[in-house]
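The values are calculated or read from the model by the stated rules, or taken from the named source; none is laboratory data. Fair warning: this is a prediction, and the values are worked out from it, not measured in the lab. Note that each Cβ is placed from the backbone with ideal geometry, even for glycine, and that neighbours are counted across all protein chains shown.
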Amino acid sequence: MPSVLIVNGPNLNLLGTRELGIYGAHTLADVEAMCHKAAAALGLEAQCRQSNHEGQLVDWLQEAGAEQQAGRLIGAVLNAGAYTHTSIALHDAIKGAHLRVVELHISNVHARESFRHHSYISPVAAGIVIGFGVEGYPLAIQGLHRLAAAESAR
Ligand code: CA2
């Protein structure tokens, strides 16, 4: 069964414990359960990971690129958290690995502080899902599935 990788970055392990007004009451475990369900409905296995460490995220994205090239993975949904706004390393990892990525943000970053308006991920993302709360995760999986199917039909 092909896989889809779901990667959550720094502080997203705290979902559902604080900042409920911005990120909602669902925990990371709830989000991962939603991802497993959405993936299974498309005949995919969801691999869910979270790290607070930039290098760990780089390693996972590099490995995912190799899995995608081998035809075992359709791509990744990436909520890089605050690294979205700072990390050239994540940008380079996605680009270098030729990884199909849907960038995701729970909150509408464009309605927040200006430092959240720039993303190093967006220029190397195949698609972007922003501001739908945690419901964005299943939407991103569905979008990634469609993009992968469209590319393999070409
Ligand atoms: O809206 C998003 O999904 C973000 O990627 C979340 C990041 C933020 O830095 C981005 O600008 C937008 C922050 C994640 C922190 O999550 C927390 C959850 C609960 C309590 C504290 C932090």
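Quickly run through the stretch 91-112 and pick out the residues that are within 10 Å of the ligand (Cβ to nearest atom), surrounded by fewer than 21 Cβ atoms within 10 Å (Cβ to Cβ) and among the hydrophobic types (A, V, I, L, M, F, W, C).
Of the residues in the stretch 91-112, the ones within 10 Å of the ligand (Cβ to nearest atom) are 103-109, 112.
In the following step, the residues that additionally are surrounded by fewer than 21 Cβ atoms within 10 Å (Cβ to Cβ) were identified as 107-109, 112.
The one that is within 10 Å of the ligand (Cβ to nearest atom), surrounded by fewer than 21 Cβ atoms within 10 Å (Cβ to Cβ) and among the hydrophobic types (A, V, I, L, M, F, W, C): 109.
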For the stretch 64-80, check the following and say yes or no: at least one residue is without any contact (Cβ under 8 Å) to a residue 60 or more places away in the chain and within 16 Å of the ligand (Cβ to nearest atom). no
With the condition kept exactly as written, say whether any residue in the stretch 13-27 is at pLDDT 95 or above and over 28 Å from residue 114 (Cα atoms). no
Among the residues of the stretch 41-56, are any of a type in the set (D, E, K, R), more than 10 Å from the ligand (Cβ to nearest atom), modelled with pLDDT of 95 or more and assigned to a strand (DSSP E or B)? yes
In the stretch 50-80, the residues that are closer than 20 Å to residue 130 by Cβ and surrounded by 22 or more Cβ atoms within 10 Å (Cβ to Cβ): 57, 61, 75, 76, 77, 78, 79, 80
Using beta carbons and a limit of 9 Å, which pairs, at least six apart or on different chains, have the first residue in the stretch 10-29 and at negative phi and touching a residue at least 40 places away in the same chain (Cβ under 8 Å) and the second one more than 8 Å from the ligand (Cβ to nearest atom) and part of a loop (DSSP other than H, G, I, E, B)? 10/51; 10/52; 10/53; 12/52; 15/24; 15/25; 15/26; 15/27
Could you list, in sequence order, the residues of the stretch 57-115 that are assigned to a loop (DSSP other than H, G, I, E, B) and closer than 17 Å to residue 2 by Cα? 70, 71, 72, 99, 100
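Can you confirm whether residue 3 is in contact (Cβ under 8 Å) with a residue 24 or more places away in the chain, within 16 Å of the ligand (Cβ to nearest atom), within 15 Å of the chain's Cα centre (by Cα) and closer than 21 Å to residue 125 by Cβ?
The answer is no for residue 3.
Inspect the stretch 132-139 for any residue being touching a Phe, Trp or Tyr at 6+ places or on another chain (Cβ under 9 Å) and more than 10 Å from the ligand (Cβ to nearest atom) and give the result as yes or no. Before you say what the answer is, go through the steps one by one.
Taking the stretch 132-139 and keeping what is touching a Phe, Trp or Tyr at 6+ places or on another chain (Cβ under 9 Å), we get 133-134, 139.
Those left that are additionally more than 10 Å from the ligand (Cβ to nearest atom): 139.
The answer is yes; a qualifying residue exists.
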Residues (touching an Asp or Glu at 6+ places or on another chain (Cβ under 6 Å) and of a type outside the set (A, V, I, L, M)) located in the stretch 33-82: 48
Could you tell me how many of the residues in the stretch 116-129 are more than 8 Å from the ligand (Cβ to nearest atom) and outside any loop (DSSP other than H, G, I, E, B)? 6
